[in-house]
Amino acid sequence: MVQRISLAHGEGGELTHQLIQDIFIQSFGHSEQTKLDSAVLTIPSQTIAVTTDSYVVKPIFFPGGNIGKLAITGTVNDLAVSGAIPHVITAGFIIEEGFPINSLKEIVNTMAGEAERAGVRIIAGDTKVVEKGSVDGLFINTTGIGVMQEQHRLKPEIVQEGDSVIISGTIGDHGVAILSARNELGLLTDVRSDCASLNLLIHELLEEIKGIRIMRDPTRGGLATTLVELCEDFRFTVEMDEASIPVRKEVQGACDILGYDPIYLANEGKVVIIVDSNEEQKVLAILKNYEMGKNASVIGQITSCHVQTGKLLIKTTVGTTRRLNRLSGQLLPRIC
Amino acid sequence: MANMDLFSEPTLTRDSVEAVIDLAKRFKEEKGRIPVFMEVCGSHTMALAKTGIKTRLKDYVQLIAGPGCPVCVTDQKSIDAMIQLSEEPNTILCTFGDMMRVPGSKSTLMKAKTGGKDIRVVYSPLDSVKIAEKNPDKEVIFLGIGFETTIPILALAVREASSKELKNYSIWMTTKLVEPVLRALLSSGEVKLDGFLLPGHVSVVLGKQNYRYLAEEFNISGAITGFEPVQLLSGIYKLIHLQLEKKVEIINDYTYVVSDKGNVVAQSLIEEYLEADDEAWRGIGTIPKSGLVLKEEYSQHDAKKKFNISIGEPRVTKCRCGEIVRGLITPEECVLFNKGCTPAHPIGPCMVSTEGTCSAHYQFMRGE
Amino acid sequence: MCLGVPAKVIEIEGQRALVDVMGSRMYVGTFFVPEVKIDDYVLLHAGQAMTVVNEEYAKESIEEWRNVLDGKHGPFFRTDLNS
């Protein structure tokens with residue numbers, strides 16, 4: 001019989017203790033720091049980066065990962081694109097009564113494995129169990145702390161005309177993998193989520209390349225939304241070349257069927273880099289050394305800076321440009 | 001399909017643009033003005049905008065977005081009725097994704113869903129029949145919007161529900177037909193159009209022969225075209241060419257999917273299940289026999305008969321979309337433009353679609 | 001007005017077919033294309049195959065257009081565009 005989480009697992013008694021021992025401590029370990037009610041730790045820097053994110057992905061398991069992997073990679077990547085070295089992570093679990101204990105074990109194991117790969121420690125956690133129907137299976141919140149190093153500080157203030165915009169690989173993989181895994185629209189595909197920790201790759205970039213101005217991970221809303229936000233936040237105009245954006249053919253096929261545009265689909269293991277154009281080839285060479293960066297491509301240029309309203313433009317085949325907006329609301333399949 | 005890529009191949013696309021511009025210049029030399037065509041189909045409008053063709057050609061060829069975006073021409077009152085339908089107890093409302101954000105007079109289906117109504121986006125109408133099968137204790141209603149491409153699929157859904165004897169399945173039919181709206185536009189007075197880019201996928205069902213009335217009764221040409229850049233440009237080229245030759249014809253420039261007769265299976269399914277009825281068009285008003293509804297014998301699947309929802313008359317407004325699509329006025333000449341009518345609160349179809357003529361003017365005006 | 005995408009037929013089972021668009025697949029209805037065969041391309045709309053694509057015509061149409069661009073038919077092409 002399938003062992004399931006019950007409300008008693010969340011009541012702080014014997015079952016809670018067991019759950020923590022058997023699942024969380026088993027995978028995450030139990031360091032000295034966590035014997036108090038708070039984790040107490042020394043951070044090797046004056047300046048730290050802090051980020052928090054909640055994960056509510058549906059379905060919880062999908063090709064290429066699960067909610068736990070996403071909870072680690074998402075937070076690691078948020079720290080890494082800010083120029084920080086991810087150091088420690090905390091994790092809060094809100095579990096629906098009836099959730100299979102084996103699934104929870106698998107998710108927690110995945111988190112431990114991903115944390116190890118990314119070189120971060122999970123130092124504090126919390127578990128709550130809620131009544132059936134209060135959440136959809138399992139929600140996870142992670143908070144990450146990263147260490148900032150002065151030599152890795154990003155320099156958005158020196159963005160200049162001619163700077164290159166680079167994407168580290170194919171876009172829309174996560175979006176299509178999730179869409180297909182949900183099985184609602186009948187889409188069948190072998191596309192796997194790209195969810196991966198980018199911190200080692202980003203660390204190498206920051207060590208080797210001095211001209212990196214800005215980095216961001218194009219998650220929800222996709223590449224286009226991320227670039228629109230960068231253009232508006234830092235008041236520059238980007239001209240993007242549609243043909244140079246790497247898209248897997250299966251992702252394009254799925255988009256053609258449903259009337260989606262890959263530039264608005266979510267990514268979970270990609271980074272957009274704005275860099276001095278003199279260093280674009282060096283950046284590409286570093287990216288291409290990694291499996292997750294082998295499809296990296298220069299996708300556009302900064303065409304003007306310090307403008308009133310920053311814009312994202314896309315160059316068309318016939319030589320005109322068209323302004324792109326951020327994703328408006330949720331992506332929905334279209335018939336027209 | 002190997003050949004499909006050729007229809008968007010960059011060099012061929014650029015050569016095609018040059019060919020169109022050359023011919024359009026010749027038109028201007030001869031006639032002292034630039035040619036004006038209407039792309040009837042909303043997906044053509046989107047493709048012309050997305051590929052940049054509309055912008056690239058704007059000094060040489062004027063392209064007017066027509067009434068062929070099914071969600072844009074759905075009347076506000078009709079959307080209000082759909083939202084009201086979602087408030088019926090024990091109901092699952094199913095819809096194409098396109099409808100979710102189209103504004104009614106006060107709200108949208110998306111907002112109704114956020115408010116807790118069971119509204120589900122499906123890819124195919126047949127998926128909504130499956131939902132009805134799985135939920136025998138719920139009423140499942142599909143919002144049946146669409147032109148002739150989609151209409152046979154709605155009829156197929158009714159056929160499926162009927163053969164499975166699903167008493168809990170119905171369709172809220174608010175479909176639109178191309179011929180009545182083009183006739184209404186062409187008969188309502190002056191039209192400054194040199195031809196139509198005819199909807200490629202509607203023509204798959206209707207066939208080329210369906211458009212004879214344009215040439216024979218209204219003396220206006222049309223080119224049935226596909227949606228790739230080279231296809232659009234080839235269609236525009238051929239329309240200019242007809243003008244220069246002083247010929248009026250219907251051209252099938254999308255022969256690999258459109259035949260003379262159209263899809264006979266689809267046509268006979270439509271005939272079996274549906275009949276023409278008056279339909280309200282957003283911003284244009286009611287056009288006689290411009291939509292298809294379920295025949296009496298299928299009324300158990302007709303949501304309009306099953307549920308007591310009053311739609312009322314379409315809203316009477318000062319919207320001048322009708323004249324804009326006939327090329328008679330520019331959006332700025334409409335009293336509602338940028339006042340009562342904006343992309344956030346659109347009155348007429350030309351403002352609902354992001355690529356509609358009014359919406360495009362609004363964005364341009366704001367320097368976007 | 002209506003999105004339509006060419007999709008290759010991989011399998012046929014009664015009134016449905018498995019189709020492929022650049023590696024992504026879907027089961028679609030074939031009610032409107034009773035003549036469909038495996039390896040045909042169909043035009044897909046809202047989960048139904050609406051017609052069988054005639055690949056030969058696609059090829060011809062691109063060749064005809066190339067000829068127009070190359071001026072093989074003179075400044076305008078010769079005959080009635082309608083044929």
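A few points about this structure:
- By the count of neighbouring beta-carbon atoms within 10 Å, fewest first, C:Val53, A:Val130 end up ordered A:Val130, C:Val53.
- Maximal additional length on extending the B:Glu29-B:Leu328 stretch stands at 105.4 nm, based on 0.36 nm per residue less the C-alpha distance.
- Per-pair calculated FRET efficiency, R0 = 22 Å: A:Leu7 and B:Asn135 via Cβ, rounded to 0.05: 0.15
- Taken residue by residue and averaged, Cβ atoms of other chains lying within 10 Å of the Cβ of B:249-256 number 5.
- Potential lengthening of the chain between B:His345 and B:Ala276 amounts to 21.8 nm, from the contour at 0.36 nm per residue minus the alpha-carbon distance.
- Taking every residue in A:317-329 and counting other chain Cβ atoms within 10 Å of its Cβ, the average works out to 5.
- Rounded to the nearest 500, the helix-only mean residue ellipticity at 222 nm of chain A stands at -8500 deg cm²/dmol, with each DSSP H run of n ≥ 4 adding -39,500 (n - 2.57).
- Scanning residues 5 or more positions from C:Gln48 or on other chains, those with amide H under 5 Å from its amide H are C:Gly29, with H placed 1.01 Å from N in the peptide plane.
- Each residue of the stretch A:141-155 was assigned a 3J(HN,Hα) from its phi angle through the Karplus expression (A = 6.51, B = -1.76, C = 1.60, θ = phi - 60°), giving 10, 10, 10, x, 10, x, 9, 8, 10, 4, 5, 9, 4, 6, 10 Hz with x at Gly and Pro.
- Anisotropy class of chain A from Cα gyration tensor, a/c 1.5 cut: oblate
- Distant-in-sequence amide contacts of A:Ile5, defined by a placed amide H-H separation under 5 Å and a gap of 5 or more residues or a different chain, comprise A:Gly98, A:Phe99, A:Ile101.
- Rg and Dmax of the stretch C:23-76, Cα atoms only, in Å: 16.1, 47
- In nm, spacing of pseudo-spin labels at B:Asn219 and B:Lys289 (7 Å Cα→C-beta vector): 2.5
- Relative contact order of chain A, taken over Cα pairs closer than 8 Å and 6 or more residues apart, is 21 percent.
- Note on chain A: antiparallel DSSP beta bridges, both residues inside, total approximately 75 percent of the bridges counted.
- When restricted to Cα atoms, the stretch A:156-324 yields an Rg and a Dmax of 15.7, 47 Å, respectively.
- For the stretch B:144-202, the set of GluC sites (Glu not before Pro) satisfying both a DSSP loop assignment and a count of at most 12 other C-beta atoms within 10 Å is given as B:Glu165, B:Glu190.
- Note on the protein assembly as shown: Cα convex hull, mean projected area over all directions, 35.7 nm².
- 3J(HN,Hα) along the stretch A:69-79, derived from phi through the Karplus expression 6.51 cos²θ - 1.76 cosθ + 1.60 where θ = phi - 60°, amounts to 4, 4, 5, 7, 4, x, 6, 4, 5, 4, 5 Hz, with x in place of Gly and Pro.
- Each of A:Lys69, B:Lys77, C:Lys37, B:Lys305 was scored by other Cβ atoms within 10 Å of its Cβ. Arranged with the fewest first, they read C:Lys37, B:Lys305, B:Lys77, A:Lys69.
- Other-chain or far-sequence residues with amide H under 5 Å of B:Ile329's (modelled H): B:Ile324
- Intensity falloff of the stretch B:1-95 expressed as log10 I(q)/I(0), Debye formula with alpha-carbon point scatterers, at q = 0.15 Å⁻¹: -0.75
- Inter-label distance for A:Gln160 and A:Ile43, nm, one decimal - labels placed 7 Å from Cα along Cα-to-Cβ: 3.3
- Other protein chain C-beta atoms within 10 Å of residue C-beta, averaged over A:12-23: 0.
- Value of relative contact order over chain B, rounded to a whole percent, pairs C-alpha under 8 Å and six or more apart: 20
- Cα centroid separation - the stretch B:20-41 against the stretch B:229-293, whole Å: 22
- Pairwise centroid distance, computed over Cα atoms, of the stretch A:194-232 with the stretch B:145-178, Å: 47
- Three principal axis extents describe the C-alpha atoms of chain B; from largest down they are 67, 46, 38 Å.
- Gap separating the Cα centres of the stretch B:189-207 and the stretch C:10-59, nearest whole Å: 26
- For chain B, adding -39500 (n - 2.57) for each run of n ≥ 4 DSSP H residues and dividing by the number of residues yields -11500 deg cm²/dmol at 222 nm.
- Calculated FRET efficiency for the pair B:Glu165/A:Thr52, C-beta based, R₀ 56 Å, to 0.05: 0.60
- Taking other residues whose beta carbon is less than 12 angstrom from the beta carbon of B:Ile324, and scoring Lys, Arg as +1 and Asp, Glu as -1, yields 0.
- Over the stretch A:7-152, Cα pairs under 8 Å with separation of 6+ residues give a relative contact order of 38 percent.
- Across the stretch C:24-31, rounded Karplus estimates of 3J(HN,Hα) from the backbone phi angles (6.51 cos²θ - 1.76 cosθ + 1.60, θ = phi - 60°) give 9, 10, 6, 7, 10, x, 10, 3 Hz, Gly and Pro being marked x.
Values in this text are rule-based calculations from the coordinates and carry no lab data. All values reported here derive from a predicted model rather than from experimental measurement. Methodologically, a virtual Cβ is constructed for each residue, glycine included, from the backbone with ideal geometry; neighbour enumeration extends over all protein chains shown.
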